[in-house]
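The block underneath contains the structure these notes are about, expressed in structure tokens.
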Amino acid sequence: MTTNAPIVQDLHTIPRKLPEGPQNIVGLTRDQMRTALIAAGTPERQAKMRVGQVWQWIYHWGVRDFALMTNLAKDYRTLLANTFVIDLPEVVTKQVSADGTRKYLVRIAGGHEVEVVYIPETDRGTLCISSQVGCTLTCSFCHTGTQKLVRNLTAAEIVGQIMLARDDLGEWPVQGDPKNEQRLLSNVVLMGMGEPLYNFDNVRDAMKIAMDPEGISLSRRRITLSTSGVVPEIARTADEIGCQLAISFHATTDEVRDKLVPINKKWPLKELLDALREYPKVSNSERITFEYVMLKGVNDSDADARRLVKLIEGIPAKINLIPFNEWPGAPYQRSDWDRIQSFADIVYKAGYASPIRTPRGEDIMAACGQLKSATERGRRDKAVLNP
Ligand code: SAH
Ligand code: SF4
């Protein structure tokens, strides 16, 4: 993308409000739910309490039927059932990799599909969720980037991905069984399809719901938002979400980054680094994750590694080295193992953790940058929209 290039989006598929019919109660913030309950006839003085009750049923217990909300009067349950639905994206297929990674193909309104990936590890279980169908940005090493943006996901569709994964993992608490405290899904990363900071409001609302202590209750320290570098929204992320930040860095000169992550032409390295320096102070987060995809002969030299540590000097950071995940027709190759190791050593000796990310779920095309739903391939609908 060049600085002034239009962003391509299919306007026909921007979510429309259904003219009539029940409203989805999932994805509403507490304030929005309060307003909706009052509009449905809840007396104002009861509204706060009702929000608390409905919220707990949906987000703590995972209940999907108003009739089961037994601490509400029967008539009130009927009123809710006539006014609202509890609607999640639909799981179309589920694939399980040899390494235990689960990939869900999920259908959302309009017939679009996004992918959601669950990665079990010994000390945690991470869910990688999507924020858009496709992406307006065109990072040259990313499979999703070859797919035009179709639309932003709604807050319901974003938090719904966490809820459907909890369904599949069978991890909603069981009433009367306090021992059921295991957390198979302990972390969330916004590293699936799309650029989360080009869908800021919906991502923020969904993450606020996921963090709410009376519901899914994920700590902000267990949510990581990955951005390609939408500089003006980075400060807002610190202020309004306060989660962990990962940055798709990938290059140490503007010349190379312009090619790999074209948004760099709009917000080059210096501006990006200035924004990153402020982030931990404002969000009170520990450190920023720098994601760095290892591309053979492109960004993987020892000189790159040395430039990298120089650039990020003073920023509390961890460098995640990602061996490039190949996809059909990709214009790059994965760096050799020795090269990755030598790069990692330089970064490590400069005082930064430099884990090399083991590709997970490659056999089911679930690894970073491989996500792209088959149904979206070859889609050609276009219109012009500025983010
Ligand atoms: N749009 C956001 C989040 C989604 S991409 C962003 O760009 O940060 C999640 C991570 O996967 C990013 O760091 C991205 O650069 C990386 N990635 C994309 N394609 C990849 C590939 N083919 N191999 C390895 N990592 C890739
Ligand atoms: Fe979009 Fe991120 Fe892929 Fe770039 S790396 S095209 S921003 S999803």
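The values are calculated or read from the model by the stated rules, or taken from the named source; none is laboratory data. What you see is a predicted model, and the numbers here were worked out from it, not measured in a lab. Don't worry about glycine lacking a Cβ; one is built from the backbone with ideal geometry, like all the others, and counts go over all protein chains shown.
Residues in the stretch 107-139 that are in contact (Cβ under 8 Å) with a residue 60 or more places away in the chain and basic (Lys, Arg): 1 in all.
When residues in the stretch 116-130 are screened for being surrounded by 23 or more Cβ atoms within 10 Å (Cβ to Cβ) and in contact with a Phe, Trp or Tyr (Cβ under 8 Å, 6 or more places away or on another chain), 5 of them pass. State whether the residues of the stretch 117-131 include one that is more than 18 Å from Thr224 (Cβ to Cβ) and not in a loop (DSSP other than H, G, I, E, B). No, every residue in the stretch 117-131 fails to be more than 18 Å from Thr224 (Cβ to Cβ) and not in a loop (DSSP other than H, G, I, E, B).
Regarding Ile315, is this residue of a type outside the set (Lys, Arg), crowded, with 21+ Cβ neighbours inside 10 Å and either at negative phi or in contact with a Leu (Cβ under 8 Å, 6 or more places away or on another chain) (or both)? Judged against the criteria, Ile315 is not a match.
Pairs are defined by a Cβ separation below 6 Å, a sequence spacing of at least 6 or placement on different chains, a first member in the stretch 140-152 that is part of a loop (DSSP other than H, G, I, E, B), and a second member that is of a type in the set (S, T, N, Q) and more than 12 Å from ligand 1 (Cβ to nearest atom); the pairs so defined are Val150/Thr13. Among the conditions (1) over 29 Å from His60 (Cβ atoms); (2) more than 14 Å from ligand 2 (Cβ to nearest atom), Leu272 misses just one, which is (2). The residues listed here are Glu113, Glu90; of these, the one that is more than 21 Å from Met211 (Cα to Cα), modelled with pLDDT of 95 or more and more than 16 Å from ligand 1 (Cβ to nearest atom) is Glu90. Within the bounds of the stretch 234-250, is there any residue that is away from ligand 1 (no atom under 15 Å from the Cβ) and under 15 Å from the mean Cα position of the chain (by Cα)? There is at least one residue in the stretch 234-250 that is away from ligand 1 (no atom under 15 Å from the Cβ) and under 15 Å from the mean Cα position of the chain (by Cα).
Listed here are the residues, each with its yes/no results for (1) at pLDDT 95 or above; (2) in contact with a helix residue (DSSP H, G or I) (Cβ under 7 Å, 6 or more places away or on another chain); (3) closer than 25 Å to Ala98 by Cα.
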{"site": "Asp336", "(1), (2), (3)": "yes, no, yes"}
{"site": "Ser342", "(1), (2), (3)": "yes, yes, no"}
{"site": "Ser354", "(1), (2), (3)": "no, yes, no"}
{"site": "Thr358", "(1), (2), (3)": "no, no, yes"}
{"site": "Ala366", "(1), (2), (3)": "no, no, yes"}
{"site": "Leu371", "(1), (2), (3)": "no, yes, yes"}
{"site": "Ala374", "(1), (2), (3)": "no, no, yes"}
{"site": "Arg377", "(1), (2), (3)": "no, no, no"}
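Looking across the stretch 187-243 at every residue that is modelled with pLDDT of 95 or more and in contact with an Asp or Glu (Cβ under 7 Å, 6 or more places away or on another chain), the one that is nearest to Leu137 (Cα to Cα) is identified as Ser228. Of the residues that make up the stretch 125-135, is at least one at pLDDT below 95, assigned by TED's automatic domain parsing to the domain that holds Pro328 and away from ligand 2 (no atom under 12 Å from the Cβ)? No; the residues of the stretch 125-135 include none that is at pLDDT below 95, assigned by TED's automatic domain parsing to the domain that holds Pro328 and away from ligand 2 (no atom under 12 Å from the Cβ). Only a single item in (1) part of a loop (DSSP other than H, G, I, E, B); (2) away from ligand 2 (no atom under 16 Å from the Cβ) is not met by Val91, and it is number (1). Consider the stretch 142-159 and keep the residues that are within 8 Å of ligand 1 (Cβ to nearest atom) and surrounded by 24 or more Cβ atoms within 10 Å (Cβ to Cβ). The one that is nearest to the chain's Cα centre (by Cα) is Thr144. Just one residue in the set Arg334, Arg277 is away from ligand 2 (no atom under 15 Å from the Cβ) and surrounded by fewer than 18 Cβ atoms within 10 Å (Cβ to Cβ); that residue is Arg277. Screening Ser219 on (1) polar (S, T, N, Q); (2) surrounded by 24 or more Cβ atoms within 10 Å (Cβ to Cβ); (3) free of Cβ contacts under 8 Å to residues at least 12 places away in the same chain shows it passes everything except condition (2).
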